[in-house]
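A.B. asks: Here's a structure for you.
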Amino acid sequence: DKKEVKSTVDWIKKEFYTNVEAAENIKSLMSAEGELWMRFYGTFFYFLPEDFVMNKRVKRPPDNPINALISFGNTLLYTKTIAAIYRTHLDQRISFLHEPSEGRFSLSLDMSEVFKPVIVYRTIFDLVNNRKIQVHKHFEKKVNYCLLNEEGRKIFVEAFEGRLESVFQHPLLKRKVTYRTAIKL
């Protein structure tokens with residue numbers, strides 16, 4: 001409900017979906033996704049406390065608290081999708097969007113993209129905006145990186161697992177399911 005993010009929301013509703021539909025190949029689809037993430041990260045300034053705002057997404061290693069939360073949350077989600085895929089006959093190495101490579105499961109990366117906004121980012125926003133995770137209490141800041149400390153990881157994992165157990169109305173099944181079940185489906 002922040003008026004400052006309205007232009008980004010409007011862009012998603014109008015241009016982003018048009019760009020996705022018009023994508024003729026994976027590269028153009030991934031480009032549209034990249035622009036979406038860039039715009040999304042640019043809105044954090046409007047609804048996160050100042051000490052959690054980031055200049056850009058930095059992954060290896062994360063260089064500030066919000067990047068540390070994103071990386072940790074994405075890793076948890078990635079492992080949940082790997083576990084769900086292992087219970088199927090699907091091949092982890094065959095994906096739709098991410099390039100297969102040594103040492104990673106591309107299908108899990110594809111699946112994780114769908115759930116990042118509703119599981120990882122909603123968990124982060126809840127923890128940060130309700131001050132359940134705080135910069136001065138829950139992070140180890142070193143010269144070139146920033147990581148959650150043990151207490152911070154425990155808080156995050158509990159909230160993440162709680163988010164997996166939260167329910168939503170599944171649009172195709174026409175019934176309520178948990179996010180954990182949605183990942184399995």
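A.B. asks: Please give the charge dipole size of the chain, origin at the Cα centre, charges +1 on K and R Cβ atoms and -1 on D and E Cβ atoms. Round to the nearest 20 debye.
C.D. replies: 440 debye
A.B. asks: Along Cα→Cβ, 7 Å out, is where each label goes; now give me the distance between the ones at GLU158 and TRP11 in nm to one decimal.
C.D. replies: Label at GLU158, label at TRP11, 3.7 nm between them.
A.B. asks: Give me the distance in nm between label points sitting 7 Å out from Cα along the Cα-to-Cβ direction at LYS132 and LEU185, one decimal.
C.D. replies: 2.4 nm
A.B. asks: To continue, here is another question. Keeping all protein chains in place, calculate the accessible area per residue for the chain (probe 1.4 angstrom), answer in Å².
C.D. replies: It amounts to 64 Å² per residue over the chain.
A.B. asks: Rounded to the nearest Å, what's the spacing between the alpha carbon centres of region 1-72 and region 140-155? Just the number, please.
C.D. replies: Cα centroid to Cα centroid, the span is 23 Å.
A.B. asks: Could you tell me which of rounded, prolate or oblate describes region 1-66, using a ≥ b ≥ c as the square roots of the eigenvalues of the alpha-carbon gyration tensor, with rounded for a/c under 1.5 and, failing that, prolate when a/b is larger than b/c and oblate otherwise?
C.D. replies: oblate
A.B. asks: If you don't mind, another one. Under Stokes-Einstein, with the Kirkwood radius over Cα pairs standing in for Rh, what whole-number D in µm²/s applies to the chain at 25 °C and 0.890 mPa s?
C.D. replies: Translational diffusion coefficient: 137 µm²/s.
A.B. asks: In nm, to one decimal, how far is the LEU172 label point from the THR88 one, both placed 7 Å along Cα→Cβ?
C.D. replies: Inter-label distance under the simple model: 1.0 nm.
A.B. asks: Of LYS6/LYS174; LYS59/LYS132; LYS14/LYS116; LYS132/LYS174, which ones are farther than 27 Å apart at the Cα?
C.D. replies: LYS6/LYS174; LYS132/LYS174
The values are calculated or read from the model by the stated rules, or taken from the named source; none is laboratory data. Values in this document were obtained by computation on a predicted structure and should not be read as measured data. With ideal geometry, Cβ positions are generated from the backbone for all residues, glycine too; neighbour counts draw on all protein chains shown. For the accessible areas, the whole protein counts, side chains as well, though only heavy atoms, and no ligand, DNA or RNA atoms are used. Shrake-Rupley method; radii C 1.70, N 1.55, O 1.52, S 1.80 Å.
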